[in-house]
Amino acid sequence: MRGQNEIKDEIIKAIKEVWESKDFSLCDTERNTRLRSAIVERLVSQVMTDDERANFLGLPEGCRIRESAKVIARDKLVCGKYVWIGEGAVLDASGGLEIGDHTSIGLGVMVWSHSSHLANLAMKNKSGSPLIQRKPTHIGRGCFIGGPAVIYSGVTIGDRCLIQPMSVVTTDIPSYSVVSGSPAKVIKSLSEDVIDRMVRAAILNCSGQSLDIQQQ
């Protein structure tokens with residue numbers, strides 16, 4: 001059996017062979033330089049923990065972003081404090097994206113702020129096409145977006161909303177809503193009082209007691 005150093009040397013050798021291959025070519029354009037910088041950032045950040053990665057990406061206090069999550073156009077992302085972003089999530093901020101404090105974006109969630117469908121239909125699907133439509137997307141404070149939900153561009157989700165997994169949100173969602181489905185629809189409304197009872201019930205459940213939410 002080979003030792004660890006021998007195996008590592010073999011990996012380094014394989015990488016070097018690919019790097020020096022004539023088939024491994026890079027294009028020196030402004031677009032590629034910009035994209036390559038972001039790619040390198042994502043690769044380097046894979047060895048970081050979620051809070052380290054959030055700090056590296058310039059996110060505010062208490063934020064955490066898990067492995068393989070991707071932020072497009074990070075300079076156009078307005079992120080609140082204590083936001084959690086799960087593995088494999090895609091946050092497209094190219095058209096403007098705002099996420100409020102204490103919101104969680106679940107695993108595999110896709111949040112969009114642009115669409116290229118017109119460029120596809122018009123057979124003009126080129127980089128920088130004027131047919132690409134960009135609209136700002138807003139997600140409020142204290143929301144839970146269950147993965148793998150999809151949020152369309154231009155949508156506003158109010159505060160304290162629960163988006164169930166597999167939902168496809170195509171229109172604005174008022175605050176204190178529970179939504180589900182494709183297209184997503186409001187299936188239940190919340191309130192400060194209901195949320196307070198839910199929290200108290202959860203605390204009591206952890207302590208072995210019980211609370212009848214309907215009666216309190």
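The values are calculated or read from the model by the stated rules, or taken from the named source; none is laboratory data. All of these numbers come straight from a predicted model, not from anything done at the bench. Backbone-built Cβ (ideal geometry, glycine too); neighbour counts: all protein chains shown.
Quick look at the numbers
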| item | result |
| --- | --- |
| Unique match (being of a type in the set (Lys, Arg) and touching a Gly at 6+ places or on another chain (Cβ under 9 Å)) among 76, 8, 13 | 76 |
| Top-ranked residue in segment 73-87 [being modelled with pLDDT under 95 and outside any loop (DSSP other than H, G, I, E, B); ranked as surrounded by the most Cβ atoms within 10 Å (Cβ to Cβ)] | 74 |
| Residues within segment 93-132 that are under 29 Å from residue 163 (Cα atoms), of a type outside the set (Asp, Glu) and in contact (Cβ under 8 Å) with a residue 40 or more places away in the chain, tallied | 18 |
| Condition met for residue 92 (surrounded by fewer than 13 Cβ atoms within 10 Å (Cβ to Cβ) and within 22 Å of residue 154 (Cα to Cα)) | no |
| Options 146, 86; residue that is within 15 Å of residue 64 (Cα to Cα) and in contact (Cβ under 8 Å) with a residue 24 or more places away in the chain | 86 |
| Those residues of segment 14-38 which are of a type in the set (D, E, K, R), more than 25 Å from residue 70 (Cα to Cα) and either surrounded by fewer than 10 Cβ atoms within 10 Å (Cβ to Cβ) or modelled with pLDDT under 90 (or both), in sequence order | 20, 22, 23 |
| Looking only at segment 39-50, and only at residues there that are under 16 Å from the mean Cα position of the chain (by Cα) and surrounded by 14 or more Cβ atoms within 10 Å (Cβ to Cβ), the one that is modelled with the lowest pLDDT | 42 |
| Subset tally (residues that are without any contact (Cβ under 8 Å) to a residue 40 or more places away in the chain, more than 15 Å from residue 106 (Cα to Cα) and of a type in the set (S, T, N, Q)) for segment 153-169 | 1 |
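Residue-by-condition table, conditions (1) out of contact with any helix residue (DSSP H, G or I) (no Cβ under 8 Å at 6 or more places or on another chain); (2) in a helix (DSSP H, G or I):
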site: 10; (1), (2): yes, yes
site: 53; (1), (2): no, yes
site: 71; (1), (2): yes, no
site: 101; (1), (2): yes, no
